[in-house]
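Participant: Sharing a structure below in structure tokens format, with a few things to ask.
The values are calculated or read from the model by the stated rules, or taken from the named source; none is laboratory data. Predicted, not measured: the structure shown is a model, and the values here were computed from it. Ideal geometry is used to build each Cβ from the backbone, glycine not excepted, and the neighbour counts take in all protein chains shown. Note: accessible area is taken over every heavy atom of the protein model, side chains too, but ligands, DNA and RNA are not part of it. Shrake-Rupley method; radii C 1.70, N 1.55, O 1.52, S 1.80 Å.
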Amino acid sequence: MRCLRLLLLALIVGGTAQAAEAASAKSAKADYDKCAYEASSKYEPGGRRIGRDLNEIEVRYAIPLCMAAVASNPRAAEVKVWLAFAYWADNSWSSREEALPLLDEGVAAGNSLAQTVLAELLNSPFAPPADVRRSRALALRAAEAGFAPGQYVLGRMLRNGEGGPVDIETAANWLEAAAVGGFPQAQVLLAGMYQDGAGRQQNYEQARRLYVVAADAGNIEALAQLGSMYEFGQGVTQSDATAAGYYKRAAAGGDAFAQNSLGYLYQHGLGVSQDIPKAIRLYRAAAQGGHAPAYYNLGYVNTSGIGGPVDHKQALGFYLKAAEMGNVDADAMLGSVYDEGLGVDVDYAQALRWTEKAVAEGSAVAVANLGSYYHYGKGVVRDLKKARELYEKAIAMGFAKAQEGIAELDTIDAKSKP
């Protein structure tokens, strides 16, 4: 009897342990599924149904849920990668530091998402060269595994010379693969290459198709680029009204390029009813989004007194900000500001410095302005032959107004003849 009781007790204890183990496994599976739902990539196997893009991750839910999943599934490398993906979405330095060791584990396990995210984190202007080179190698591993985001990252790196030399043709091939894999950013970048004839034969219709596919997937930049194609009639019938329609949708999504472009249409009444206050609001929104041409446009409306009084001091601040961000039009305008003394003392040395900078960056306006300096001897020794050469160069670059300088030089030549 005593042996029977002991056997029954053992069975009860064993059954309780099995039940507890089953409950623990069920809880771990639930944690796993919650993390996958919140922070897996839609480009992973099976991810189309529940996966997310980086900008779709809600970090306030994803991070704690994935932390719980890592605790209950310590051997599941993909869960650690999903947590790292959520940390990356958080976009803070502390989260980046939390992500790195998790990504290293994922890379060691051959996880393509980990390879891609770590490639992006290591590809920083402040990173040591070894990290930047490693970033391209990681992207290559993810790309060769058929992971569309990795193919996009590698294509972009090859196109821009990140982590190694530029290779436009190979970049286009990887971007094509990522575009076929449904990655909108790759579709947009590849469309731009078709638009510019870089790495692919120029084909506006193919560019338009790719932008449409990306726009239909919700890509805001694609909407903005479609607006640009219609504004400038690239492979489509030019239509400011159609351009405005695309720009409005992209601007509503926060695209700074679209906000600035739409502001220009409202300023000039192209495809929309002229509305100067709305144009200035859009320029300000685009400037806050870090778009250098918007700072230039804000400078111009203040210089010209559009929508308010002329304010050269405020204009100067906007031009300097745009120039600091690499805007060549602002460099050329700053030359004019110092040449004409617009809110500053006339300073031909400064005018020449800014103008020559803009010339080196390919500004036709600046070339014409430099011609005028030699024409009138402003900051340089007067040299009419050099002035003519510069005017002619500006005309060849598409700045027809430089013809006025040529006409003045022709008059001088005619008067000098006996």
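Participant: With axes computed from alpha carbons, what is the tilt in degrees of helix 256-268 against the longest principal axis of the chain, rounded to the nearest 10 within 0 to 90?
Facilitator: Tilt relative to the chain: about 40 degrees.
Participant: Another question, if that's okay. What distance in nm separates the simple spin-label points at HIS268 and GLU105, each placed 7 Å from Cα in the Cβ direction?
Facilitator: For the pair HIS268/GLU105, the computed spacing is 5.7 nm.
Participant: Here's another thing I want to ask about it. What order, most packed first, do the peptides 228-239, 205-216, 134-145 have when packing is the mean number of other Cβ atoms within 10 Å of each residue?
Facilitator: Numbers: 228-239: 15.9, 205-216: 19.6, 134-145: 21.3.
Per-residue mean Cβ counts within 10 Å order the peptides as 134-145, 205-216, 228-239.
Participant: Here is a follow-up. For the chain, what is the mean residue ellipticity at 222 nm derived from helices alone (per DSSP H run of n ≥ 4: -39500 (n - 2.57); sum divided by total residues; nearest 500 deg cm²/dmol)?
Facilitator: Helix contribution divided over all residues of the chain: -24000 deg cm²/dmol.
Participant: Sticking with this structure for a sec: Between ILE276 and ILE168, what length in nm is gained on full extension when 0.36 nm per residue of separation is reduced by their alpha carbon distance?
Facilitator: Taking 0.36 nm per residue and subtracting the Cα distance, the gain is 34.7 nm.
Participant: Further question on the same structure: (1) 26, 59, 14, 0; (2) 20, 42, 26, 8, 3, 1, 0, 0; (3) 22, 48, 22, 5, 2, 0: which one is P(r) over Cα pairs in 20 Å bins from 0, in percent as calculated from this entry?
Facilitator: So the structure-derived entry is (2).
Participant: Would you work out which of VAL380, LEU320, GLY254 lies farthest towards the positive end of the dipole of the chain, given +1 charges on the beta-carbon of Lys and Arg and -1 on that of Asp and Glu, about the Cα centre?
Facilitator: Of the candidates, GLY254 comes out farthest on the positive side.
Participant: Turning to a different aspect of this structure: Please compute the net charge surrounding SER363, taking Lys and Arg as +1 and Asp and Glu as -1 over other residues with Cβ under 10 Å from its Cβ.
Facilitator: -2
Participant: Determine the sum of side-chain charges near GLY47: Lys and Arg each +1, Asp and Glu each -1, restricted to other residues whose C-beta is under 14 angstrom from that of GLY47.
Facilitator: That works out to -2.
Participant: With +1 on each Lys and Arg Cβ and -1 on each Asp and Glu Cβ, and nothing else charged, work out how big the dipole of the range 35-139 is about its Cα centre, in Debye to the nearest 20.
Facilitator: It works out to roughly 260 debye.
Participant: Can you tell me the relative contact order of the range 204-275? Whole percent, Cα pairs under 8 Å, sequence separation 6 or more.
Facilitator: Averaging sequence separation for qualifying contacts and normalising by length gives 24 percent for the range 204-275.
Participant: Measure nothing fancy, just the Cα-based angle from helix 168-180's long axis to the longest principal axis of the chain, in degrees from 0 to 90, nearest 10.
Facilitator: 50 degrees
Participant: Compute the helix-to-body angle for 240-252: its Cα long axis versus the longest principal axis of the chain, expressed 0 to 90° and rounded to tens.
Facilitator: Result, in degrees: 40.
Participant: Something else about it: In the neighborhood of MET193, defined by Cβ-to-Cβ distances under 13 Å, what is the net charge if each Lys or Arg adds +1 and each Asp or Glu adds -1? It would help to have the intermediate numbers written out before the result.
Facilitator: Working: positive: ARG156, ARG159, ARG200; negative: ASP167, GLU169, GLU176, ASP196.
Neighbourhood net charge equals -1.
Participant: To the nearest 10 square angstrom, what accessible area does ASP131 show with a 1.4 Å probe?
Facilitator: Roughly 50 Å² of ASP131 is accessible to a 1.4 Å probe.
Participant: Hey, another quick one. If the cut-off is 23 Å between C-alpha atoms, which lysines fall inside it for LYS26, apart from same-chain ones fewer than 8 positions away?
Facilitator: Excluding near neighbours in sequence, the set is LYS34, LYS80.
Participant: Right, here's the next one. Kindly rank 221-227, 397-403, 87-93 from highest to lowest mean number of other beta carbons found within 10 Å of each residue.
Facilitator: Answer by packing, highest mean first, reads 221-227, 87-93, 397-403.
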